[in-house]
Amino acid sequence: MKQYLYLSLVPEALIASNLPPEEFGNYYATGAFRRNCDPAIFFELDPNFESDYLPMDKFAELCSPHADGSAHKSVNLSVYRVLEHVPMAAFKNLYLVTSDGKALELSQRPFEPDPSRKIYLYQDLAPCRPRVASILNPAEYARRLTSSERLVHFEKIAFFDMKLGDLERDPVNGDLGDLPYTNRHHLRDCLDAVRTKGGKNNKIVARSMGEILYRTVGSGFYVGAGGELLFYPMPSKDELETDHFQWFKSAQFT
């Protein structure tokens with residue numbers, strides 16, 4: 001039986017499984033009896049990487065099928081400081097799973113910054129989960145937060161950028177439309193502060209993530225470590241409606 005290795009971001013965990021990605025995502029989001037309903041975000045990993053910190057030597061043993069031949073659905077190998085110890089080369093595709101278990105697979109592409117964008121809203125996923133207003137593009141943001149020259153920094157960070165609607169053009173008076181952000185006045189203040197004050201590149205909007213809503217995802221998902229950046233672009237709304245309609249319909253409520 002095939003063995004798979006996954007890095008969950010919500011929560012952060014290294015997981016071994018005999019289930020392929022879409023089956024694992026369905027199980028992870030809904031549970032064995034489909035009584036759970038939590039969205040899941042995870043990477044498939046190359047299980048052949050070596051680590052002095054993560055128990056990779058236990059992977060094959062713990063991921064063997066049960067004595068009756070049934071699959072091991074989920075075996076936690078580590079739940080602490082996982083992201084920083086996974087080599088960038090080990091990241092494969094990313095999966096976004098809705099609360100009813102439908103999975104969308106995203107692949108890596110080279111990142112090209114958009115020079116027209118001047119302001120961003122980021123949701124960090126691991127190792128911590130603040131929501132941050134910034135004037136840095138994703139590559140700059142990841143480089144700054146993982147720079148060893150800073151007193152407080154991460155070894156690696158996973159995050160996505162969020163849609164801003166008209167706030168990208170005018171944080172003070174722009175229309176948020178149907179974007180489901182709470183505490184909108186505070187959000188406007190934070191975006192305006194990083195845009196106008198200069199020198200302060202980032203400002204925390206919220207200290208925790210709250211509910212995952214896929215319809216707020218902007219250009220895509222990122223993993224950064226110093227000068228290295230992995231980019232997983234989010235399909236456009238038209239692409240989702242045309243090619244992934246069942247996921248798209250489910251994601252309106254996730």
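A quick yes/no check of all residues on (1) in the same structural domain as Ser219 (by TED's automatic domain parsing); (2) outside any loop (DSSP other than H, G, I, E, B); (3) of a type in the set (Asp, Glu); (4) within 30 Å of Lys197 (Cβ to Cβ):
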| residue | (1), (2), (3), (4) |
| --- | --- |
| Ala133 | yes, yes, no, yes |
| Ala142 | yes, yes, no, yes |
| Ser147 | yes, no, no, yes |
| Asp166 | yes, yes, yes, yes |
| Asn173 | yes, no, no, yes |
| Thr182 | yes, no, no, yes |
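Say whether the condition of being of a type outside the set (S, T, N, Q) and at positive phi is met by at least one residue in the range 215-237.
Yes.
From Leu14, Leu19, grab the single residue that is part of a loop (DSSP other than H, G, I, E, B), surrounded by 14 or more Cβ atoms within 10 Å (Cβ to Cβ) and modelled with pLDDT of 95 or more.
So the residue among Leu14, Leu19 that is part of a loop (DSSP other than H, G, I, E, B), surrounded by 14 or more Cβ atoms within 10 Å (Cβ to Cβ) and modelled with pLDDT of 95 or more is Leu19.
Considering every residue within the range 58-69, establish whether at least one is acidic (Asp, Glu), without any contact (Cβ under 8 Å) to a residue 60 or more places away in the chain and farther than 26 Å from Ser208 by Cα.
yes
List every residue pair whose Cβ atoms lie under 6 Å apart, where the two residues are 6 or more positions apart in sequence or sit on different chains, the first residue falls within the range 1-16 and is farther than 18 Å from Gln123 by Cα, and the second residue, located anywhere, is assigned to a loop (DSSP other than H, G, I, E, B) and polar (S, T, N, Q).
Note: pairs meeting the criteria are Met1/Asn18; Ile15/Ser74.
Would it be correct to say that Leu151 is in contact with a helix residue (DSSP H, G or I) (Cβ under 8 Å, 6 or more places away or on another chain) and either farther than 22 Å from Leu104 by Cβ or outside any helix (DSSP H, G or I) (or both)?
Taking the combined requirement at face value, the residue does not satisfy it.
Would you be able to tell me the number of residues in the range 59-118 that are within 21 Å of the chain's Cα centre (by Cα), in a loop (DSSP other than H, G, I, E, B) and loosely packed, with under 13 Cβ neighbours inside 10 Å?
Looking only at that region, the number is 7.
Surrounded by fewer than 19 Cβ atoms within 10 Å (Cβ to Cβ) and without any contact (Cβ under 8 Å) to a residue 40 or more places away in the chain, is that true of Asp52?
Yes: the conditions hold for Asp52.
Picking from Glu61, Glu22, which residue would you name as being touching a strand residue (DSSP E or B) at 6+ places or on another chain (Cβ under 7 Å) and of a type in the set (Asp, Glu)?
When all the criteria are applied, what remains is Glu22.
Please determine whether any residue of the range 187-196 is in a strand (DSSP E or B), in the same structural domain as Phe154 (by TED's automatic domain parsing) and within 17 Å of Arg117 (Cβ to Cβ).
No - not one qualifying residue is present in the range 187-196.
The values are calculated or read from the model by the stated rules, or taken from the named source; none is laboratory data. What you are looking at is a predicted structure, and each value in this text was computed from that prediction instead of being measured. Here the Cβ is made from the backbone with ideal geometry for all residues, glycine too, and neighbour counts use every protein chain on show.
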